[in-house]
Amino acid sequence: MNTTISLKASNIDKYFYQPEPFQVLKDVSFEVKKGEFLTLIGKSGSGKSTLLYVLSTMDTDYKGSLEINGARLTGKSQNELAAFRNEHIGFVFQFHYLLVEFTALENVMLPALKLGKKSREEIEANAYESLKMLDLKEQALKQANKLSGGQQQRVAIARALINNPSVIMGDEPTGNLDSKNTKVVFDIFKQLSRERGQTIIAVTHDDDFARNSDRVIELSDGNLLKTSTIGR
Amino acid sequence: MFSSVNNKISGVHLTSNAKQTVVAVLSVTFGISMYVFMNSFMSGVNDAQTKLAFTALAHVRVYNDGPADNTNLLKRVLPYGKLINLRNAKVIQYTKGIKNSTQIVSLLQHQPEATGVTSQVNINVSYHNGAIKINGQLSGVDVENENRLFGISNYMLQGQWQELKSRSDGVIIGSGLAKNMSLKINDNLNLLTDDGVAKNYKVIGIFETTIANTDKSKAYINIGAARQLLSKNADYVTDIQLNVKDYSKARQTAGKVAPVIPYKVEAWQVANGQLEAGSDLRDIIAKAVSLTILLVAGFGIYNIMNMTVNQKIREVAILKAMGFSGGDITTIFLTEALIIGIVGGIVGMLFGYVVALAVNHIPFAIGGLTTLPMTYKPSDYLLAFVFGLLTTFVAGYLPARHASKIDPVTIIRG
Ligand SMILES: Nc1ncnc2c1ncn2[C@@H]1O[C@H](COP(=O)(O)OP(=O)(O)O)[C@@H](O)[C@H]1O
Ligand SMILES: [Mg+2]
């Protein structure tokens, strides 16, 4: 692991005004190094998902600043951020979120087709590769809504990997998976961070998963608690 | 923005919700086919009406308008400032009809847009048969050219139009006139000009234009016979009638030749304002009704597109989260609307043609018609298609823009 900063969050404050004014994130600051495998833990309602949406650039309604790969993203336009996400961020949502009218394969290919840097054939081959890695080869041509919850979650993981993003974020990416598949996903994340220097930020409730990552940070009522290094 | 990914997504939307797509396409089809049909029908009615009108009416008419304004003749010869007292001025001599007709006919024939020129000697007469006396108009005609302009031979009930050429004693009369005067073929018709000359002709034909006034009062003789009746020389005519390629451009032709012709040159619209007004009004009605139908179809598409966007709000949020821009989203939904518009437009043009054909076969035997009239103009189809696309574009753009503004995080957060 080198010491280049991959992601830097400084003094993030976030409020919700509905149903009543309420501060969800309180002065959250931290850095993640390139190739680091970071897990984010905390009680339900502590603000983990909210923080991840801010980090993923999808939520722009916050105070403080966000930098990824040295580029300041706070204040950029929605379209600039969309293009940035497409190329640099892979995101696995808490509740899968596949396009139901498309096949598993098409779901995985879409971000790459949008990026348009590789030929269709190459993209298809890569997508098959990822699906195979996640034990989904048989499901590739099935429509997304014909898959089980766990299968959909793994398709979403494959989709997050397709553009080789520098940062991969997951909101409980293994929440629906059995221990065998959780292990598969964990190993993939570990391998990507080690071999390709891709940064991983994953929210998890799984203690084993967290313990085996490079570093764990904990949110409590919107405050960042402690920084620990486990399982190094 | 116009990438193949976006097109692919549009394609999946259209095919995975085929029922909705078909309903949207049908609403465009309905709008466009009604546009085509309404306009074809109105054009047909207008054309039938015009055709009927032009059986007795040329596009441009040249005639002697009577003496000029001669109320103060002395003004021209006496210096200004002289006081004159002129009372009861009378025109004691003026020339009726057109003198140098050959020259004018040749000038008109050489207009590139001219399709036919004919000379007439029209005379007001009273027809007599025993005790019956009817006022009417006797037309001395150039048999060939008269037929070329007005197609009168198509309206012959009895006898041959061409026979008039060789029969200087022959007359062809309207069916109404024949009935009112109890005349049959080969009967004699006695007539009296307003100059008091009386002459006998033999009825060699009877025509019926379905324009009652014409049929009741008009009779044709050879132009030479008419000159003889008036004791005029071979160059004398009262009217020169000109037809042009496009009757709606008669005014331009009249305006062009008027300066070099020393007589009144009148386009048909001037003397028949009601025909033009009727035809214009029908056009306006057709346009208004068909555009209203298109507008209703547009609302249909708008509703369906709005529904589609609302159903796909989660999907739009995911696409945006994965990096699709607002422009991509607009393109995706607009492409869907335009495909619906194009398919609906093509089917609509075909269906409109079929409806027009079907209505064109409905019997309608009034005023010289046999079936309901219909005109097949490519421009109607083109306009329907263009208006249809325009409507779908607007109806698709509003929901598409709404979709492009969706904030992904508020949707995904749930
Ligand atoms: N859209 C929202 N409007 C108002 N409050 C919200 C909204 N989303 C989340 N919250 C609140 O913010 C807090 C943090 O939520 P979240 O980030 O989802 O927690 P976690 O992911 O750690 O369980 C919770 O108290 C939750 O009720
Ligand atoms: Mg959460």
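Can B:ASN17 be described as touching a Pro at 6+ places or on another chain (Cβ under 9 Å) and at pLDDT below 90? No: the conditions fail for B:ASN17. The condition of being of a type in the set (Gly, Ala, Ser) and within 14 Å of another protein chain (Cβ to nearest Cβ) holds for only one of B:GLY327, B:GLY352, B:GLY345, that being B:GLY327. Restricting attention to the range B:387-414, which residues are closer than 27 Å to B:ILE340 by Cα, of a type in the set (Val, Ile, Thr) and within 14 Å of chain A (Cβ to nearest Cβ)? Selection gives B:ILE406 alone.
Flag: A:THR3 does not match the condition of being within 26 Å of A:GLY175 (Cβ to Cβ), away from ligand 2 (no atom under 16 Å from the Cβ) and assigned to a loop (DSSP other than H, G, I, E, B). Looking at A:ALA71, A:ALA125, A:ALA104, just one residue is open to solvent by 10 Å² or more (accessible area, probe 1.4 Å), more than 9 Å from chain B (Cβ to nearest Cβ) and either free of Cβ contacts under 8 Å to residues at least 12 places away in the same chain or within 29 Å of A:THR174 (Cβ to Cβ) (or both), and that residue is A:ALA125.
For the range A:35-51, what are the residues that are more than 8 Å from ligand 1 (Cβ to nearest atom) and of a type in the set (Val, Ile, Thr)? Quick ask: steps written out before the conclusion?
Looking only at the range A:35-51, we keep the residues that are more than 8 Å from ligand 1 (Cβ to nearest atom), and these are A:35-41.
Scanning the range A:35-51 gives A:THR39, A:ILE41.
Do the conditions hold for A:GLN94, that is, is it assigned to a loop (DSSP other than H, G, I, E, B) and either within 16 Å of ligand 1 (Cβ to nearest atom) or surrounded by fewer than 17 Cβ atoms within 10 Å (Cβ to Cβ) (or both)? Here the answer is yes, as A:GLN94 does meet what is asked.
To keep it simple, each residue is scored yes or no on (1) at pLDDT 95 or above; (2) of a type in the set (A, V, I, L, M); (3) surrounded by 20 or more Cβ atoms within 10 Å (Cβ to Cβ); (4) within 18 Å of B:GLU208 (Cβ to Cβ).
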site: B:ILE98; (1), (2), (3), (4): no, yes, yes, no
site: B:VAL105; (1), (2), (3), (4): no, yes, yes, no
site: B:GLY116; (1), (2), (3), (4): no, no, no, no
site: B:ILE132; (1), (2), (3), (4): no, yes, no, no
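For the range A:83-101, the set of residues classified as within 10 Å of chain B (Cβ to nearest Cβ) and closer than 15 Å to A:SER166 by Cα consists of A:ALA83, A:PHE84, A:ARG85, A:ASN86, A:GLU87, A:HIS88, A:ILE89, A:GLY90, A:PHE91, listed by residue number.
Checking the conditions here, which among A:VAL54, A:VAL28, A:VAL32 is within 14 Å of chain B (Cβ to nearest Cβ) and either under 25 Å from A:ASP187 (Cα atoms) or more than 9 Å from ligand 1 (Cβ to nearest atom) (or both)? Walk me through how you get there before you give the answer.
Working: A:VAL28 fails: within 14 Å of chain B (Cβ to nearest Cβ); A:VAL32 fails: within 14 Å of chain B (Cβ to nearest Cβ).
When all the criteria are applied, what remains is A:VAL54.
Just so you know, in the range A:42-68 the residues that are without any contact (Cβ under 8 Å) to a residue 24 or more places away in the chain and within 13 Å of ligand 2 (Cβ to nearest atom) include one that is surrounded by the fewest Cβ atoms within 10 Å (Cβ to Cβ), and it is A:SER44.
On the basis of being under 29 Å from B:SER16 (Cα atoms) and open to solvent by less than 20 Å² (accessible area, probe 1.4 Å), does A:VAL185 make the cut?
Working: under 29 Å from B:SER16 (Cα atoms): no; open to solvent by less than 20 Å² (accessible area, probe 1.4 Å): yes.
For A:VAL185, the condition - under 29 Å from B:SER16 (Cα atoms) and open to solvent by less than 20 Å² (accessible area, probe 1.4 Å) - is not met.
Has the range A:216-224 got at least one residue that is in a loop (DSSP other than H, G, I, E, B), away from ligand 2 (no atom under 16 Å from the Cβ) and within 16 Å of the chain's Cα centre (by Cα)?
Step one: filter the range A:216-224 for residues in a loop (DSSP other than H, G, I, E, B), giving A:221-222.
Restricting the remaining residues to those that are away from ligand 2 (no atom under 16 Å from the Cβ) gives none.
Checked the range A:216-224: no residue is in a loop (DSSP other than H, G, I, E, B), away from ligand 2 (no atom under 16 Å from the Cβ) and within 16 Å of the chain's Cα centre (by Cα).
Rundown of residues vs (1) charged (D, E, K, R); (2) at pLDDT 95 or above; (3) in a helix (DSSP H, G or I), yes/no style:
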position: B:ALA337; (1), (2), (3): no, no, yes
position: B:GLY341; (1), (2), (3): no, no, yes
position: B:VAL347; (1), (2), (3): no, yes, yes
position: B:GLY352; (1), (2), (3): no, yes, yes
position: B:VAL355; (1), (2), (3): no, yes, yes
position: B:VAL359; (1), (2), (3): no, yes, yes
position: B:ALA365; (1), (2), (3): no, no, no
position: B:GLY368; (1), (2), (3): no, no, no
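Listed by position, the helices (runs of 4 or more DSSP H) inside the range A:133-213 whose residues that are of a type outside the set (Asp, Glu), within 16 Å of ligand 2 (Cβ to nearest atom) and touching a helix residue (DSSP H, G or I) at 6+ places or on another chain (Cβ under 7 Å) number at least 1 are A:207-211.
Is it fair to say B:GLN111 is modelled with pLDDT of 75 or more, surrounded by 10 or more Cβ atoms within 10 Å (Cβ to Cβ) and out of contact with any strand residue (DSSP E or B) (no Cβ under 6 Å at 6 or more places or on another chain)? Reasoning before the result, please.
Working: modelled with pLDDT of 75 or more: yes; surrounded by 10 or more Cβ atoms within 10 Å (Cβ to Cβ): yes; out of contact with any strand residue (DSSP E or B) (no Cβ under 6 Å at 6 or more places or on another chain): yes.
Here the answer is yes, as B:GLN111 does meet what is asked.
Filter the range A:168-181 down to the residues that are open to solvent by 20 Å² or more (accessible area, probe 1.4 Å) and modelled with pLDDT of 90 or more and list them by number.
First pass over the range A:168-181, keeping only residues open to solvent by 20 Å² or more (accessible area, probe 1.4 Å): A:172, A:175-180.
Listed by number, the residues that qualify are A:GLU172, A:ASP178, A:SER179, A:LYS180.
Out of the residues in the range B:180-197 that are over 19 Å from B:ARG167 (Cβ atoms) and in contact (Cβ under 8 Å) with a residue 40 or more places away in the chain, state the one that is most open to solvent (accessible area, probe 1.4 Å). Can you show your working first?
Narrowing the range B:180-197 to residues over 19 Å from B:ARG167 (Cβ atoms): B:180-182, B:192-197.
If we keep only those that are in contact (Cβ under 8 Å) with a residue 40 or more places away in the chain too, we end up with B:180-182, B:192-194.
Numbers: B:ASN180: 72, B:MET181: 0, B:SER182: 83, B:LEU192: 63, B:THR193: 8, B:ASP194: 114 Å².
Among those residues, the one meeting the criterion is B:ASP194.
Just one of the numbered conditions (1) touching a residue at least 40 places away in the same chain (Cβ under 8 Å); (2) closer than 16 Å to B:ALA225 by Cα; (3) open to solvent by 40 Å² or more (accessible area, probe 1.4 Å) is not true of B:ILE172: (3). Annotation note: Cβ proximity below 8 Å between a residue of the range B:6-21 that is at the interface with another protein chain (Cβ under 8 Å from one of its Cβ atoms) and free of Cβ contacts under 8 Å to residues at least 24 places away in the same chain and a residue that is of a type in the set (A, V, I, L, M, F, W, C) and crowded, with 17+ Cβ neighbours inside 10 Å (sequence gap 6+ or interchain) occurs for B:LYS8/A:LEU113; B:VAL12/A:PHE102.
This table checks each residue for (1) open to solvent by 10 Å² or more (accessible area, probe 1.4 Å); (2) within 27 Å of B:LEU334 (Cα to Cα); (3) without any contact (Cβ under 8 Å) to a residue 12 or more places away in the chain; (4) within 34 Å of the chain's Cα centre (by Cα).
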residue: B:GLU276; (1), (2), (3), (4): yes, no, yes, yes
residue: B:MET307; (1), (2), (3), (4): yes, yes, no, no
residue: B:ILE313; (1), (2), (3), (4): yes, yes, no, no
residue: B:VAL316; (1), (2), (3), (4): no, yes, no, no
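Considering (1) at pLDDT 95 or above; (2) within 16 Å of ligand 1 (Cβ to nearest atom), the lone condition that A:ALA112 does not fulfil carries the number (2). Test A:THR39 against the stated conditions and say whether it is more than 9 Å from chain B (Cβ to nearest Cβ), of a type in the set (Val, Ile, Thr), in contact (Cβ under 8 Å) with a residue 60 or more places away in the chain and under 19 Å from A:VAL203 (Cβ atoms). Yes, satisfied. What number of residues within the range B:63-83 are open to solvent by less than 90 Å² (accessible area, probe 1.4 Å), over 22 Å from B:GLY97 (Cα atoms) and at pLDDT 75 or above? Residues in the range B:63-83 being open to solvent by less than 90 Å² (accessible area, probe 1.4 Å), over 22 Å from B:GLY97 (Cα atoms) and at pLDDT 75 or above: 1 in total. For the condition under 14 Å from the mean Cα position of the chain (by Cα) and either within 19 Å of A:VAL155 (Cα to Cα) or of a type in the set (A, V, I, L, M, F, W, C) (or both), A:LEU73 does not qualify.
Checking each residue in the range A:107-122 for being at the interface with chain B (Cβ under 8 Å from one of its Cβ atoms) and either without any contact (Cβ under 8 Å) to a residue 12 or more places away in the chain or in contact with a Ser or Thr (Cβ under 7 Å, 6 or more places away or on another chain) (or both) picks out A:LEU113, A:GLY116.
The values are calculated or read from the model by the stated rules, or taken from the named source; none is laboratory data. Predicted model only: the values in this text are computed from it and were never measured. So basically every Cβ, Gly included, is an ideal-geometry build from the backbone, and we count neighbours across all protein chains shown. What goes into the accessible areas is simple: the full protein's heavy atoms, side chains included, and nothing from ligands, DNA or RNA. Shrake-Rupley method; radii C 1.70, N 1.55, O 1.52, S 1.80 Å.
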